[in-house]
Structures are given as structure tokens and as C-alpha cells.
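The values are calculated or read from the model by the stated rules, or taken from the named source; none is laboratory data. The structure displayed is predicted, hence computed values, not measured ones. Positions of Cβ are generated from backbone atoms using ideal geometry, with glycine treated the same way; all protein chains shown enter the neighbour counts.
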Amino acid sequence: MKKYNEIEKVVYKGPDSKDPFSFKYYNPDEVILGKKMREHLKFAMSYWHTLDYCGVDMFGGPTEDKSWGETEPMKLYKKRADVAFELMDKLSIDYYCFHDVDVAPKGKNLKEFFDNFKEIVDYLAVLQKKHNKKLLWCTANNFGDKVFMAGAATSPNADVFALSAAKVKACLDANIKLGGTGYVFWGGREGYDTLLNTNMKVELDNLGYFMQMARDYARSKGYKGDFYIEPKPKEPTKHQYDFDAATACNFLRTYNLMDDFRLNIEANHATLAGHTFEHELRTARVNGVFGSIDANQGDMLLGRDTDQFPTNVYDTTLCMYEVLKEGGFTNGGLNFDAKTRRQSNTLEDILLAYIAGMDAFALGLRKAVKMIEDGRIDEFKEERYRSYQTGIGEKISQKSTNFEELSEYALKHDDINVQSGRQEYLESVLNSILFEK
Ligand code: XLS
Ligand code: NI
Ligand code: NI
């Protein structure tokens, strides 16, 4: 197999190709339903997993070397940026996402970090232009440093709240400078481990106020993009406040954030919450806050956020079905919040992993289009709710009845026949679409 530096730009060679460094299903400029595949899918590279992660786990150190031959911090971070854009070019990925600490060295204090960060953001702006790439979203890492051990905006310590605000402000400035279309709040430490030491009401109110101030600041500087909450039930804290999509919606409504915030749904977080990926996407959609996606998959047997590259085509198909039904992404996209396995420890594996993930979503898109064109599943659903289109059902849909009328109606129609849900049949229809020749 080829070595990393021998690999040219990865191109589409079709499903029969055996070339590992080719796309089998992702053909970026192919038009499907009036839109290029790259516009349907809006793939983004995650900086942290791609440039930083070196195979460390709870039991062992690095298995990969991503020092790129540099030791001086600013040089190393600039080199990382060069590699990031080179990888995006090779893979035809148009967007990227980062945390503040992914792109710039920490320095000795906050001031030094902000200086470094600004310098690198300027450098990223140059690279974006040169390579024709865009920032999908960025975020402040307000969970890694020890001062965030008890939370950031939900810390019991007000100085930590202030520091968190300073970091988010710097990130919002960077976002505006880079023309980003999203800012993510993922509350890794915004939760608790025991109620014995936690004032939940203070923490939630502080978190709501924090997000309102972030929104007001960014809007006052002309930021037009979306804010996202990325729900996750647990890990690292035992109970995170943004548990799942429904909990996040409740929070957004309570703190009047529904107009500016949407959700960034991560597949592995959905399964950690005991939901399917498509359940979380549908919940976001029915609440009008579908925004962006962190594309990955978990391992049901390991039961933690393993952030694997997505290869399960059932999941990617049902995900793309939701995206298509939503009319596509606006400011959001598909960010690969995914890392190569610890044993996949070469640079080539990074390319192979992205190819696998991109192809899984490209195939998912193609199959979701088939599901819609085939029509059997949508028609079945339509038919199942037909009783709401005439008679008493129509009145219910129009919200023009009442309990007296319904009660009178029920007394006359108590011989009811509820139709079969036909789950097994529908699952076999989905299989026939997925595995057709
Ligand atoms: C961790 C989260 C994180 C966010 C960004 O579980 O997925 O990577 O996407 O902070
Ligand atoms: Ni994520
Ligand atoms: Ni995650």
C-alpha cells in the first residue's frame, strides 16, 4: 500500500474500484436532486482528532507520531495547520472545525495564549483563502484544563465563569474573522457528579445567562451564524445538563435562546443517551432546531464515546433521510468528530478513515434518495395517519373540537380497528433499498 506522501488527491473511482485511496460512493461534483454531493454533505475535518490525537487511551500512551518534525510550539502549530489544509485538499473536504486550544499553543498565561491564538487565526485566514476552505464551526475548549474540573459556565467559582467568558469571546472574535457559520457549546464539564455538592438551579441559571451574553456579544459584532448546543448525557461528568436533544430544547426555551440556537447532534452522544441517531435528529427537527451533525459512531459493547469513524450504512442512510426531509443543511454540515482506532496508527490510516466515513455518508445519501423516490415508506406513513384528514380527525388536526364533542363521537364509534404498524415489512423494504443490485 502507498505511503502517506505518495498519495495524491483522492478521487471518485466508483463502487467497483479496489483502490483503497479512492472514493467508491463520494463523487463531490455529481449532482443529486439538483445539488452537488459536496453541498448535500458539507463534510468537515475535526482538527482535534485529526491533528492532535496520537492514540492515547486510559491504559497507554501514544501509538502515533504527529509532531511533524517540529518542536518549537508556534512552528509546530503552524505546521499542523499546513497539514490540516493539505489533508482537506487531498480528501476534497471543504470545511473544518476546531477548539481554541487545538490550533494555538497555550503559552505561559492567558494573555500569551490569546496572542498566540490571534496569530494562528490570521494564519488560518491565509490558508483558508489559499485552499478555498471554510470554517464550519469553532468552540472554546472549556473542559480540558484543571480549572474547569467543576465546570466552566457552571463552575461554583465565579473566576472560572469569567475566564470561560474570556475564552468564548476570543473564539467568537476568531469565528467572525474567519467567516465561520457556527459556534458550538459542548458542555463536557457542565453537569455534576453528585448533588451533595451541587446547586443545580444556580448552575443552570448561570449557564443560560452565559449563553445569552455570548449571543449578545457576537450579534453586536455582526456575527450572522448559528449557535449550537451539542447534547451529551454523560462523560466526563456523570450527568450533563445538555443530556439529549429534548433536554437541550427545554433549556433553550427556558432561557429564551430558541431564535439563535440550534442543535449539533452527535451520533455517539445519541446512543450514549439511549436513543438512536435518527431519534435525536428527528427531535431536533420537530422542535425547529436542526442545525449541524457530528458524524461518528459508537460501539454498543464498549458503551462510551469511542468517536469511531462512521461506517454503518443503516445509520448514515437514516441520518441523510432526516437531512433531506429537512431540506438540507443551512449553516451546518457533517463534521467528522471521529478518530482512527489506536491500532490504526499510520498517517495513511487517517486518509483511509476519512474515505470510509465520507463514502458511508455518500452511500447513505444515495440510499436516502432511493428511500424517498421508492416512496413505499413515506406512503405507508401517510396512509397510517389518514384518519386525521376527514371527519372527526380533520377537526382534531384543525384544533376545532372539544372534549364534549369527542366524547359524544366516541360513544357512537366504539368499535375501533387500529391498523397494523407493519414494522417487519417496513424493515424489509429498507433492506431491499439498501441491498438492491
Ligand atoms: C465530545 C464532544 C466534543 C465536541 C466539541 O464528546 O463531541 O468533541 O464536539 O467540543
Ligand atoms: Ni462532538
Ligand atoms: Ni463526542
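Annotations for the structure displayed:
- Of all residues in region 257-288, those satisfying the criterion of being within 16 Å of ligand 2 (Cβ to nearest atom), more than 13 Å from the chain's Cα centre (by Cα) and part of a helix (DSSP H, G or I) are T271, L272.
- Residues (surrounded by fewer than 20 Cβ atoms within 10 Å (Cβ to Cβ) and either at pLDDT below 95 or within 13 Å of ligand 3 (Cβ to nearest atom) (or both)) located in region 221-238: K234, E235, P236
- Filter result for Q343 (over 19 Å from L434 (Cα atoms) and more than 16 Å from ligand 1 (Cβ to nearest atom)): yes
- Criterion applied to G180, G151, G187 was being within 16 Å of ligand 3 (Cβ to nearest atom) and either part of a loop (DSSP other than H, G, I, E, B) or of a type outside the set (A, V, I, L, M) (or both), and the one residue passing it is G187.
- Looking across region 32-52 at every residue that is surrounded by fewer than 18 Cβ atoms within 10 Å (Cβ to Cβ) and in a loop (DSSP other than H, G, I, E, B), the one that is nearest to ligand 2 (Cβ to nearest atom) is identified as L33.
- None of F329, F290 is surrounded by fewer than 21 Cβ atoms within 10 Å (Cβ to Cβ), closer than 21 Å to R38 by Cβ and of a type in the set (A, V, I, L, M, F, W, C) except F329.
- Summed over region 166-199, residues that are out of contact with any Lys or Arg (no Cβ under 8 Å at 6 or more places or on another chain) and under 16 Å from P233 (Cβ atoms) total 3.
- Pairs are defined by a Cβ separation below 7 Å, a sequence spacing of at least 6 or placement on different chains, a first member in region 233-251 that is under 20 Å from I293 (Cβ atoms), and a second member that is more than 16 Å from ligand 3 (Cβ to nearest atom) and not in a helix (DSSP H, G or I); the pairs so defined are C249/N287; C249/V289.
- Number of the exception - G69 against (1) buried (at least 20 other Cβ atoms within 10 Å of the Cβ); (2) at pLDDT below 95: (1)
For (1) within 16 Å of ligand 3 (Cβ to nearest atom); (2) of a type in the set (S, T, Y); (3) under 30 Å from S420 (Cα atoms), each residue gets a yes or a no:
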| position | (1), (2), (3) |
| --- | --- |
| T317 | no, yes, yes |
| K325 | no, no, yes |
| R342 | no, no, no |
| I350 | no, no, no |
| F361 | no, no, no |
| R384 | no, no, yes |
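- So D173, is it surrounded by 13 or more Cβ atoms within 10 Å (Cβ to Cβ) and either under 23 Å from D122 (Cα atoms) or touching an Asp or Glu at 6+ places or on another chain (Cβ under 7 Å) (or both): yes
- The residue list N27, N5 contains one member that is of a type outside the set (A, V, I, L, M) and either closer than 22 Å to F98 by Cβ or in contact (Cβ under 8 Å) with a residue 40 or more places away in the chain (or both), which is N27.
- Filtering V11, V83 for residues that are of a type outside the set (S, T, N, Q), away from ligand 1 (no atom under 16 Å from the Cβ) and under 18 Å from G357 (Cβ atoms) leaves a single hit, V11.
- Residue within region 191-206 that is crowded, with 23+ Cβ neighbours inside 10 Å, within 16 Å of ligand 3 (Cβ to nearest atom) and modelled with pLDDT of 95 or more present: yes
- Extreme residue, nearest to D260 (Cα to Cα), among residues of region 295-315 that are in contact with a Phe, Trp or Tyr (Cβ under 8 Å, 6 or more places away or on another chain) and within 13 Å of ligand 2 (Cβ to nearest atom): A295
- Odd one out for E235 among (1) under 25 Å from L324 (Cβ atoms); (2) over 15 Å from the mean Cα position of the chain (by Cα): (1)
- Counted residues, region 363-404 - those being farther than 30 Å from K13 by Cβ, assigned to a helix (DSSP H, G or I) and free of Cβ contacts under 8 Å to residues at least 12 places away in the same chain: 16
- Inspection of region 104-127 finds no residue satisfying the criterion of being surrounded by fewer than 22 Cβ atoms within 10 Å (Cβ to Cβ), within 16 Å of ligand 1 (Cβ to nearest atom) and of a type in the set (V, I, T).
- Among residues of region 261-272 that are free of Cβ contacts under 8 Å to residues at least 12 places away in the same chain, none has a Cβ under 6 angstrom from a residue that is more than 10 Å from ligand 1 (Cβ to nearest atom) and not in a strand (DSSP E or B) at a sequence gap of 6+ or on a separate chain.
- Criterion: surrounded by 11 or more Cβ atoms within 10 Å (Cβ to Cβ), modelled with pLDDT of 95 or more, in contact with a Cys (Cβ under 6 Å, 6 or more places away or on another chain) and closer than 20 Å to A353 by Cβ - qualifying residue of P20, P62, P28: P62
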